[in-house]
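See below for the structure under consideration.
Every read-out reported here was derived from the displayed coordinates using simple, explicitly stated rules and does not represent laboratory data. The structure presented is a predicted model; accordingly, all values stated were derived computationally and were not measured. For neighbour counting, all protein chains shown are included, and Cβ atoms are generated from backbone atoms with ideal geometry for every residue, glycine included.
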Amino acid sequence: MLEVKEVKDLISVVTPVFNGEYFLRNAYLCLRAQTMTDWEWVVVNDGSTDKTADIMRELAASDKRIKCFEQKNSGAAKLPRDRAVVESSGNLILPLDADDKISPDYLETMLARMHETGAEIVYPKMVFVDLITDMVITTLPAPHVDTSRVYNGRELVRETVPEWSIGCNGGLYRRQNWINLSYPDRKEPIWMYSDEVDERIYLLNAKKVVFSSAVYTYLNHPQSVTRSISPKLFHPLQTNMELLSLVEQAFGRDSEEYARTQQRLFHSWRSLTALYVSNYRQLAGAEDLIVRNLRKTFKTVNPSKLSIGERLKFLNLCSFQLLTALLALKYSPRFLAEKTKRKIAPKAYLWNTVRKRSENKMRLELLPAYMLPNSSDGYTTCTVCVHNGNLKGGGLVDRLRGIVSTYMTCRQMGDRPFKILFTFPFQLSDYLAPNTYNWMPADNEITFDKKLTHITVCDTPFDSPKVRERQRKLMESEVEASAGKQQHVYTNALYCYDGGFAAAFHELFKPSDRLKRDLQAIVNDIGGDYVTVSARFCNLLDDFNEEVYNEPLHKVEQDKLICHCIKQITDIHHQYPNHRVVVCSDSPKMQQAAKAAADFVYCIEGVVSHIGNDEPQTDYEYYEKTFLDFFIISRAQAVFLLQGPGMLRSGFPYAAALVGGRQCEVKEFSIT
């Protein structure tokens, strides 16, 4: 139990915020207008990339009741909200999202209701409003709920399944209860919407729960996750599985609560399956994971807990594939056609369907950049690899291999002039300078005049000799077609790996003076020969937000995976006993564990970033570690990549090893 020092009857309003520059001031105005003035506002900035931090500091300077904290992005509201609770001083907690509103008498009304009843939790009247149309979408609690009663928390668990998605927003809680219940040794990762599970835990432990007449307005707006198609929309699958387990433990399998939660799980599966088949094109990167979670949820549904109508309508849940196909026929017949192509000829499907769809989408995204008035002063006919924010490109190696591939084609086809416009999310010249070939464009040399440019888009759906050859021929034909114009190339083509990659890379690039100095400092710090071991976990260890590849493992499984990786690192050290082992990973947890486990391990300090996911940053150091890792790997005596269950087979160490004239050896392992 966490001991806390509390100020009696001080309401600590807690707000997690990510990129809330348009809402923070309005949230503060709601608090400043309160009839009750004895409050504090604790705001935790969850790694925002806009002006959120500046606005927070400005507001805190104007009002001593505001406390601001910052942390690295966690990808979910729960962690920064719980951090705000820990940093608070009041004995009462009230969660307020930055983009929501409360009435002027809100705090006073909520506190009076708590004093009147002695309740541990007070809920407001929730009004859900569409920000664009200003129309009320729904209100909670439902009309049949008697808001004058004092409830035992267990009673409300029954009321809130299956239809009522109850969360903590706007409720008034006793701080010590929140802390005691929000910090169990949980094995489950933090899913989006996992606060719904937490809320049921609060209810199960509360003897008195009441409602008040205070109005909390929840605003649905265009930036809301509920309005954009992303893998996060499928997190309720995991949340509802957790909720089912919680209800089973609390009430048993024969209870009405369990039956209602089973119904919730089934309807969630049905709606999310329909969402998936309707929007599968936008979910390509996470499609396999989403299907696995849909299948797992389907297997968990108990048909005996559903109504006869539900069971008959959905064939008594006899087949996941059949039901998915029926939903696809209703919502997206094209889905079935594409899945059939994928099953019959997977590689042809990827090249002819996925690639073309991706490239067409990219061309549509590029159109606005070429529709604006542009100067053509200084314009030259040349080929330009463009990374200026017109498209959200991939990671560093994706971009570099596309650049080198294009450069090699230009050299082979009459030495066509070649340039690189790489200004987003950073200036490439801050880290890589021209070596023997000057790829830096002169002032005004680049034009975006639609009449003077020829756009080439070449996306890589997968790697194979045939794909590389097709890309090479496509690029050659595009260079020919752009004669007399300025060719703008957007590509991650990898045919440069077939031969000549290292020589072409060194013709183009050398470390900038600053990067060269910092590289030498690291080499001196390592102090001798070394080998490198790379490990790409993405989300597996829940400390790197890259949702399109995988979801976090349970904590026990995380620890097990780290232990197996450390064993592989130790085995590699036995092969090279006189070498240090430099561990390069996208997981700070992995790097810390490896350093703690062995004194022969060395890790490069700095921010772990992925330029294809991150919002632009102005600090040089933010991106430097990526380049330091790359060149340190290229200079190693041997290069290894760990490949465990769920881990990504990263191309980063592969490309870096080629630059150094070596091959990257993949160390595969399983966990038993």
Task: Helical contribution to [θ] at 222 nm, DSSP H n ≥ 4, -39,500 (n - 2.57), averaged over the chain, rounded to 500 - done: -13000 deg cm²/dmol
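Which of the peptides 253-263, 326-336 is most tightly packed, and how do the rest follow, judged by the mean count of other Cβ atoms within 10 Å per residue? Please list the in-between numbers first.
On the way: 253-263: 17.4, 326-336: 15.4.
Top of the packing list down: 253-263, 326-336.
Assuming a ≥ b ≥ c are the square roots of the Cα gyration tensor eigenvalues, decide whether the stretch 56-203 counts as rounded (a/c under 1.5), prolate (otherwise, with a/b larger than b/c) or oblate. Don't skip to the end; give the middle numbers.
Values: a/c = 1.33, a/b = 1.21, b/c = 1.10.
Here the stretch 56-203 falls in the rounded category.
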TODO: Taking the chain as the reference, fit the longest principal axis to its C-alpha atoms, fit the long axis of helix 355-366 to the helix C-alpha atoms, and give the angle between the two in degrees, 0 to 90, nearest 10.
DONE: 80
TODO: Run through all the Cα pairs of the stretch 90-173 and give the fraction in each 5 Å bin from 0, expressed as whole percent.
DONE: 3, 11, 23, 25, 21, 12, 4, 1
Task: Two-site FRET efficiency, residue 155 against residue 302, from Cβ-Cβ distance with R₀ of 30 Å, rounded to 0.05 - done: 0.80
- [ ] Before anything else, pin down the relative contact order of the chain: Cα pairs under 8 Å, at least 6 apart, normalised by residue count, whole percent.
- [x] 10
- [ ] Taking the chain as the reference, fit the longest principal axis to its C-alpha atoms, fit the long axis of helix 287-300 to the helix C-alpha atoms, and give the angle between the two in degrees, 0 to 90, nearest 10.
- [x] 30
Open item on the list: Taking 2.2 N^0.38 Å as the expected size of a compact globular protein, what ratio does the Cα radius of gyration of the stretch 490-619 give against it, to two decimals?
Closed with: 1.22
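Rounded to the nearest 0.05, what FRET efficiency is calculated for residue 415 and residue 563 with R0 set to 56 Å and r the Cβ-Cβ distance?
On the way: r = 53 Å, r/R0 = 0.95.
The value I calculate is 0.55.
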Task: Rough spin-label spacing in nm, given labels placed 7 Å along Cα→Cβ, for residue 380 and residue 618 - done: 3.2
Task: Rg to Rh, two decimals, where the stretch 384-444 supplies the alpha carbon set and Rh follows Kirkwood - done: 0.94
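Looking at the square roots a ≥ b ≥ c of the eigenvalues of the Cα gyration tensor of the stretch 377-508, which shape do they give, rounded for a/c under 1.5, prolate if a/b is larger than b/c, or oblate?
Details: a/c = 1.40, a/b = 1.20, b/c = 1.16.
Rounded.
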Open item on the list: Over all directions, the average projected area of the alpha-carbon convex hull for the stretch 34-77 comes to how many nm²?
Closed with: 3.7
- [ ] At a Cα cut-off below 22 Å, give the lysines reachable from residue 567, other chains included and same-chain residues fewer than 8 away excluded.
- [x] 555, 589, 595, 667
- [ ] Normalise the Cα radius of gyration of the chain by 2.2 N^0.38 Å (N = residues in it) and let me know the number.
- [x] 1.07
TODO: Measure out, as a whole number of angstrom, how far apart the alpha-carbon centroids of the stretch 423-489 and the stretch 582-622 sit.
DONE: 30
- [ ] Compute the separation of the alpha-carbon centres of the stretch 365-395 and the stretch 133-155 and state it in Å as a whole number.
- [x] 53
TODO: Just order 628-637, 136-145 by mean Cβ neighbour count inside 10 Å, highest at the front, would you?
DONE: 628-637, 136-145
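Taking the highest mean first, how do the peptides 10-17, 242-249, 37-44 order by number of other beta carbon atoms within 10 angstrom per residue? Spell out each step's value before the answer.
On the way: 10-17: 25.4, 242-249: 18.4, 37-44: 20.8.
Going from most to least packed, we get 10-17, 37-44, 242-249.
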Open item on the list: Please compute the length gained on full extension between residue 436 and residue 452, using 0.36 nm multiplied by the number of residues separating them and subtracting their Cα-Cα distance.
Closed with: 2.9 nm
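Rounded, prolate or oblate, given the Cα gyration tensor of the stretch 81-133, with a/c below 1.5 counting as rounded?
Values: a/c = 2.47, a/b = 1.27, b/c = 1.94.
It comes out oblate by the Cα gyration axes.
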Task: the stretch 541-613: GluC sites (Glu not before Pro) in DSSP coil with no more than 13 other Cβ atoms inside 10 Å - done: 605
Open item on the list: Which residues does the label zone of residue 473 cover in the stretch 316-359, counting backbone N under 16 Å from a point 7 Å along Cα→Cβ?
Closed with: 348, 351-352
Open item on the list: So if each residue of separation counts as 0.36 nm, and I subtract the Cα-Cα distance between residue 342 and residue 429, what length gain in nm does that give?
Closed with: 27.2 nm
